[in-house]
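Below is one structure, written out as structure tokens; comments come after it.
The values are calculated or read from the model by the stated rules, or taken from the named source; none is laboratory data. The structure presented is a predicted model; accordingly, all values stated were derived computationally and were not measured. Note that each Cβ is placed from the backbone with ideal geometry, even for glycine, and that neighbours are counted across all protein chains shown. All accessible areas refer to the heavy atoms of the entire protein, side chains included, with ligands and DNA or RNA removed. Shrake-Rupley method; radii C 1.70, N 1.55, O 1.52, S 1.80 Å.
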Amino acid sequence: MTAAPRWGGMTALLGAILDALGSRVAQRKPNGEIVIWCPFHLDGQGSPPHSPNLTIKPGNKAAYVWACPVCDIGGTLLDLADRLREAGIMPPRDGQRPKSRIATTCDYRDEQGTLLSQAVRYEPKAFKQRRPDSKGGWIWNLDGVRRVPYRLPELMAADPAQWVHIPEGEKDADSLARLGLAATTNSEGGGKWRDELSPYLKGRRVAILPDNDALGQAHAQGVARKLAPYAAEVRIVNLPGLPDKGDVSDWLAQGHTKEELVALVEAASPYELPEPVGGAVLLDDVVAYIRRYVVLSDEQAAALALWVLHTHAIEAAEATPYLSVGSPEKRSGKTRLLEVLSLLVRGPWFTGRVTAAVLVRRLAKETPTLLLDEGDAAFSAEKEYAAALRGILNAGYRRGGCASLCVGKGAEMDYRDFPVFGPKAIAGIGQLPDTVADRAIAITLKRRAPNEPVKRFRWRDAEEEARELRDAAALWASGNTAALAEARPDLPPELDDRAADVWEPLLAIADLVGGDWPRMARKAARVLSAGEWRDDDSGGVKLLTDIRDAFKNDDRLFTVVLLERLHALPESPWFHNATTLAKALKPFGVKPKLVRVGEAVGRGYEAAAFEDAWGRYCGPAPIPEKGVTPVTPVTNDGPKYNLGEPSVTPVTPVTPSGGMDGGVEDAAADNAQQDSDLDDAAAPPCPHRPPGEADDRWAHQGGPDPCVCACCDGPVRPDLWADGLCPVCRNGRPVSGSLVRLAVDLGAKVVEA
């Protein structure tokens, strides 16, 4: 007589397994063996057909074992319980998250059937994308993969007159294909239909089958809008009786048939592109929307509206202007502006600090509109990260720009170039790095004053209001991309080369929409990116620009006069003396020399020496606006104290000695000779020297090289003034036990060495 099996500690677990399998338990034999319809393969695949294949038997030491010869798997009850939990047949242990497992894979193949990538569905429900690595393994991303519609070989083989059905997901497309219908979809889910997929459906009749939720409807509208220029006809078919969030597979599971679906497609109305909103009206509405939540100047609001439209038309641009959203202090509206923009732009990615690797890969994968908050913290982080971020932003400004990253592991490690071109806005306190700021339009915000009310920003309400504007911007861009790509707008002459690159795509939009926008856009460009509003990456360029302003209509200036004018400029940043000024100008090929102004001779500069540098670095001189009274230039009357001194060489008048032409030629020759003689003339004393001052304190005492004052460029005695300053410029410091005359007593400008 056979002894009863000992269930031992497995009794409770075995009971839980049998309870979970329920009606799949086919037979319990007297010897303790249990026969079960296997839940891991389709019934009917065993031998003989339609027989249960999984068995549970008592094993050694009172344990139970299980096996399925069809699946070729088996093990202990613990193994079986884990598999049943992964399949969702048994509930997870208390406090345990169910382990994910691959449920299905969907192949994306090219026209010849070559595998390009796979969409992987997990249970519990999750999705990932992978691509073959040519070595029998997988790489879990789609970097560099050609994007094609799902079931492309079958799509190309289908009758061109047949309707092509586009549901939201590979599972639904496969369900339709099993009914004999042509079906395709896109990878990565709703809202991810890429522009490059649309040409595959050129000339085809397309029926879009949305899921029954808001995302499904938005996805269907987006796909229809992108397909409309290519497909012969597009229809959106809303399936009746779908449960909330239901799809076409759920609809078919309800018992509906292929014939019903075909009838619904034939009865649906053709999709028509909505009438596009006029570009000028659209920009006006975007301006009004942004200013509802953020206090801006007219020029800032115009630039932001144009930039929003530019993000939707990015395919037409060769370069993209960045936005540098800054403020002197916190709580000035920087983050709020990025939040508002995120509701309007194409493909927003609103983020704070993100690693360089993630930044590069997402920019390459999605070409989003990057909205980077707290940029000041990112650039002040560790040097390596800040340098990487700066390099990414510098490269991503122009189409084709790439950032390089190492990929792979160990011996398989290599580098790859990732495209990082795309629109970007960076917010933070202070200034961006010079090279990034040079590619940006500066939007400098101020803390809102009590008399500047704005609407309270509530995300759900603001998003609802922005949706229509965002859709209208996308529609306008889709119909005008080609025209923008061919546009060559006139650029304001005040813009330098980089600023012209920055504004060209925005001015192209302004010219295309018409109305008053061409004028407003160019005014915004001049105010935000030209003249005093444009911070250059070089203090030398700022110095050259200020010197041009200081010269005004003069053709030559003494050094001391030029310094006085530079120091007198509003908000002047300059603390130069004669020596440091000469050093600052030397890289530009400008050097001081002896010049004659009226009857006085001294060291100074000629405007002609600056012409080349002004033309190369400063751009055109600003044109005064009408109605503005020009500032009266400072009188160039030469050094204050040495006029009429015996050492000053008077100018000899030129008297014409013949006809007009001959007199002019003779005068020119004489002037040229006099200018040449200046190089050999005796150096005049320091311009600070007052009449009657003792010669032994001022006269140059020889030596192989002339010694000049480090402040005013006048000659000094090296034996008395070893620190390189004349008595005045020393500002009363003692030498040899005595005090020299104070500069203020002589009326000279005090400049420390």
> Within the set of pairs 6+ apart or on separate chains, which have a first residue in segment 348-359 that is closer than 14 Å to LEU338 by Cα, a second that is open to solvent by 60 Å² or more (accessible area, probe 1.4 Å), and C-beta atoms under 8 Å apart?
Replying inline: TRP349/ARG362; TRP349/GLU366; GLY352/GLU374
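Residue check: is GLY190 touching a helix residue (DSSP H, G or I) at 6+ places or on another chain (Cβ under 8 Å) and at pLDDT below 90?
Details: touching a helix residue (DSSP H, G or I) at 6+ places or on another chain (Cβ under 8 Å): yes; at pLDDT below 90: yes.
Yes: the conditions hold for GLY190.
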>> Please go through segment 604-613 and give me each residue that is at pLDDT below 90 and surrounded by 19 or more Cβ atoms within 10 Å (Cβ to Cβ), ordered by number.
In response: ALA613
> Of ARG447, ARG488, ARG458, ARG470, which residue is open to solvent by less than 70 Å² (accessible area, probe 1.4 Å), basic (Lys, Arg) and farther than 25 Å from GLY144 by Cβ?
Replying inline: ARG470
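Each row is one residue, and each column tells you yes or no for (1) in contact with a Pro (Cβ under 9 Å, 6 or more places away or on another chain); (2) more than 27 Å from ASN141 (Cα to Cα); (3) at pLDDT 85 or above.
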site	(1), (2), (3)
ALA386	yes, no, no
ILE392	no, no, yes
ARG398	no, no, yes
GLU412	no, no, no
PRO419	no, no, yes
PRO423	yes, no, yes
>> Looking only at segment 196-216, filter to residues that are modelled with pLDDT of 90 or more and open to solvent by 70 Å² or more (accessible area, probe 1.4 Å); which one of those is nearest to GLU111 (Cα to Cα)?
In response: LYS202
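Looking at segment 233-263, which of its residues are in a loop (DSSP other than H, G, I, E, B) and surrounded by fewer than 14 Cβ atoms within 10 Å (Cβ to Cβ)?
Within segment 233-263, the first condition is being in a loop (DSSP other than H, G, I, E, B), and the residues that meet it are 237-247, 254-257.
Result: PRO240, GLY241, PRO243, ASP244, LYS245, GLN254, GLY255, THR257.
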> Of all residues in segment 347-395, how many are open to solvent by less than 30 Å² (accessible area, probe 1.4 Å) and β-branched (Val, Ile, Thr)?
Replying inline: 5
> Of everything in segment 29-78 that's of a type in the set (Ser, Thr, Tyr) and over 15 Å from ILE17 (Cβ atoms), which residue is modelled with the lowest pLDDT?
Replying inline: SER47
> Listed residues VAL286, VAL281, VAL308; which is modelled with pLDDT of 90 or more, outside any loop (DSSP other than H, G, I, E, B), within 30 Å of ILE441 (Cβ to Cβ) and open to solvent by 50 Å² or more (accessible area, probe 1.4 Å)?
Replying inline: VAL281
> What number of residues within segment 114-138 satisfy the criterion of being closer than 28 Å to ARG85 by Cα, among the small types (Gly, Ala, Ser), within 33 Å of the chain's Cα centre (by Cα) and open to solvent by less than 30 Å² (accessible area, probe 1.4 Å)?
Replying inline: 1
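Would you please name the residue that is nearest to LEU371 (Cα to Cα), looking only at residues in segment 434-444 that are open to solvent by 20 Å² or more (accessible area, probe 1.4 Å) and over 14 Å from the mean Cα position of the chain (by Cα)? Working first, answer last.
First pass over segment 434-444, keeping only residues open to solvent by 20 Å² or more (accessible area, probe 1.4 Å): 434-435, 437-439, 442, 444.
With the extra rule that they be over 14 Å from the mean Cα position of the chain (by Cα), the set shrinks to 434, 444.
Numbers: ASP434: 19, THR444: 16 Å.
This residue is THR444.
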>> Among the residues of segment 396-417, are any touching a residue at least 12 places away in the same chain (Cβ under 8 Å), surrounded by fewer than 21 Cβ atoms within 10 Å (Cβ to Cβ) and of a type in the set (Ser, Thr, Tyr)?
In response: yes
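Could you identify the single residue in GLU339, GLU315 that is surrounded by fewer than 22 Cβ atoms within 10 Å (Cβ to Cβ) and either over 28 Å from ASN141 (Cβ atoms) or touching a strand residue (DSSP E or B) at 6+ places or on another chain (Cβ under 8 Å) (or both)? Lay out the reasoning, then the answer.
Working: GLU315 fails: either over 28 Å from ASN141 (Cβ atoms) or touching a strand residue (DSSP E or B) at 6+ places or on another chain (Cβ under 8 Å) (or both).
The unique qualifying residue is GLU339.
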> Looking at segment 343-360, which of its residues are of a type outside the set (A, V, I, L, M), at pLDDT 85 or above and more than 13 Å from the chain's Cα centre (by Cα)?
Replying inline: none
>> If I filter segment 139-182 down to residues being surrounded by fewer than 16 Cβ atoms within 10 Å (Cβ to Cβ) and small (Gly, Ala, Ser), which single residue comes out as modelled with the lowest pLDDT?
In response: GLY144
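Restricting attention to segment 585-603, report how many residues are open to solvent by 30 Å² or more (accessible area, probe 1.4 Å), free of Cβ contacts under 8 Å to residues at least 60 places away in the same chain and over 25 Å from ALA499 (Cα atoms). Working first, answer last.
Keep residues of segment 585-603 that are open to solvent by 30 Å² or more (accessible area, probe 1.4 Å), which gives 586-589, 591-593, 596, 598-599, 603.
Keeping just the survivors that are free of Cβ contacts under 8 Å to residues at least 60 places away in the same chain gives 586-589, 591, 598-599.
In the following step, the residues that additionally are over 25 Å from ALA499 (Cα atoms) were identified as 586, 589, 591, 598-599.
Count: 5.
Test ASP284 against the criterion of being more than 22 Å from ALA173 (Cα to Cα) and without any contact (Cβ under 8 Å) to a residue 60 or more places away in the chain, and give yes or no. So that I can check it myself, show each step before the final result.
Working: more than 22 Å from ALA173 (Cα to Cα): yes; without any contact (Cβ under 8 Å) to a residue 60 or more places away in the chain: yes.
Judged against the criteria, ASP284 is a match.
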